[in-house]
Structure formats: structure tokens, C-alpha cells
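Heads up: the structure comes next, in C-alpha cells.
The values are calculated or read from the model by the stated rules, or taken from the named source; none is laboratory data. Keep in mind that what you see is a predicted model, and the values were worked out from it rather than measured. Note that we place each Cβ from the backbone using ideal geometry, even for glycine, and neighbour counts take in every protein chain shown.
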Amino acid sequence: MEDRCIHRAYPLSAGRREGDRVVCGYHGFTYDFDGCLVDVPSQENVPPGARVRTYPVHEQSPFVWMWLGDPGAAALRPPPRLPWYADGTGWRALPRCCASRRTTCCFTSTTSTSPMSS
Ligand code: FES
């Protein structure tokens, strides 16, 4: 889901989750799991068609892949297979660094050679 509220562009990641919904931390606009605006606290009606962009995702251990292109084309391009990250050859994901640095995952090797070079 795009990290930008349609109201005043507040980052939705600074809001909170309520079940499958995301509530903006600024004025409380609420979006359902597919980005549709479902509640505006100060209004009785929600503007029809109001939404934030969502992206297709694909879980393939140990990653969650996100498709940034045309959503309809996501099924045509499966993510690359990277079995050396999950096959116990010494490479492992460190989720702790992902959460603390808010970047892509970091990886370390417990072996002295890269599985890419073998
Ligand atoms: S900026 Fe999100 S509800 Fe106002």
C-alpha cells in the first residue's frame, strides 16, 4: 500500500492498523486492505472511488516481493528464485536490521565463500 494518505499526504506507516484496515495517524482516514477509503471521521459519507494505490505482493521465503508495475502484469512475471537464501547453505536474512534501518533486508554469510561464486 502506498505510504501516503490521500488527504494531506501523511505517511500511513505512521498511523495504525485496525484488523485489515489502516488508519491515518493525522486525521483518521481509514483504508481497507485494498486501499479503498472506507471512513472519514468528520464526514458521514466517503467520497466514492477514493483510494490509495496498492501493489501486488508475492511471498516466497524468505522474501515478500512487491510488484511496482502495472498490477495486471504481475501474474505474468513471477519473482526470481533465490534458493541459496533459504536452503541452509549458510546465508540467512536478518529481519532485525530491516526493522531498525527501514531498508531492504541485509544478509550475512556464515561461510567464507559466496554461494554466488560456486
Ligand atoms: S492526512 Fe491522513 S487523514 Fe488527514
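Structure notes:
- Verdict on C5 being within 24 Å of G69 (Cα to Cα), within 8 Å of the ligand (Cβ to nearest atom) and in contact with a helix residue (DSSP H, G or I) (Cβ under 9 Å, 6 or more places away or on another chain): yes
- Note on segment 58-81: among residues that are of a type outside the set (G, A, S) and surrounded by 14 or more Cβ atoms within 10 Å (Cβ to Cβ), the one that is modelled with the lowest pLDDT is P62.
- Residue tally, condition more than 9 Å from the ligand (Cβ to nearest atom), surrounded by 13 or more Cβ atoms within 10 Å (Cβ to Cβ), not in a loop (DSSP other than H, G, I, E, B) and not hydrophobic (A, V, I, L, M, F, W, C), over segment 17-52: 4
- Y55 vs. criteria assigned to a loop (DSSP other than H, G, I, E, B), modelled with pLDDT of 85 or more, surrounded by 14 or more Cβ atoms within 10 Å (Cβ to Cβ) and more than 16 Å from the ligand (Cβ to nearest atom): yes
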